[in-house]
Amino acid sequence: ELVDFGGGLVQAGGSLRLSCAASGPNFDRYIMAWFHQAPGKEREFVAAISWSGNRTDYSDSVKGRFTISRDNARSMVYLQMNALQPDDTAVYYCAGSLRSWSQSRFSLSYEFWGQGTQVTVSS
């Protein structure tokens, strides 16, 4: 099970840190990722991190502003979001996958999902 939290309302240019707590065994075998979904749009890839944390990947829209990280000892994954923009407004979901890194940008690759946390950026 994944529980994501940390969303909220922030002004443009501000920062938020999302967290995702995982329960169950073998967390360190999962690729973990964040996706977001804005109203009326499809769920989109934001960032992914490999099981060991030595590889990360970001969508072009967040590269340089967001940082994904994980703490395998605590079964946690984080998304530090800086320089937030109104276009970042969406529900953010953490997700876990046992599939290969080459599939990490595709939502269908993920077996486990958090319930979502709302991020709203005002202009």
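The values are calculated or read from the model by the stated rules, or taken from the named source; none is laboratory data. Here the structure is a predicted model, which is why all the values come from computation and not from measurement. All Cβ positions, even for glycine, are placed from backbone atoms using ideal geometry, and neighbour counts span all protein chains on display. Just so you know, the surface numbers come from the protein's heavy atoms only, side chains and all, with ligands and any DNA or RNA stripped out. Shrake-Rupley method; radii C 1.70, N 1.55, O 1.52, S 1.80 Å.
Treating only the Cβ atoms of Lys and Arg (+1) and Asp and Glu (-1) as charged, compute the dipole magnitude of region 1-82 about its Cα centre; round to the nearest 20 debye. Display every interim value, and only then the final one.
Numbers: 9 positive and 8 negative charges, 32 e Å.
Dipole about the Cα centre, nearest 20: 160 debye.
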With a 1.4 Å probe and all protein chains left in place, how much of the accessible area of the chain comes from carbon and sulfur atoms, in whole percent? 48 percent
Based on the Cβ-Cβ distance of Glu111 and Ser15, what FRET efficiency does E = 1/(1 + (r/R0)^6) give at R0 = 41 Å, to the nearest 0.05? 0.85
Mean accessible area per residue over the chain (1.4 angstrom probe, all protein chains present, square angstrom) is 52 Å²
Say a paramagnetic label sat at a point 7 Å from the Cα of Ser122, along Cα to Cβ; which residues of region 1-22 have their backbone N under 11 Å from it? 9-12
Just name one of Tyr30, Gln103, Val119: the one whose Cα is farthest towards the positive end of the charge dipole of region 16-122 (beta-carbon charges, Lys/Arg +1, Asp/Glu -1). Tyr30
Extension gain, Ser100 back to Lys63 (0.36 nm per residue minus Cα-Cα distance, nm): 11.2 nm
Gained length - Glu44 relative to Gln80, 0.36 nm times residue gap less alpha-carbon distance: 11.2 nm
Could you work out the relative contact order of region 47-123? I mean the mean sequence separation of Cα pairs under 8 Å and 6+ apart, divided by the number of residues, in percent. 26 percent
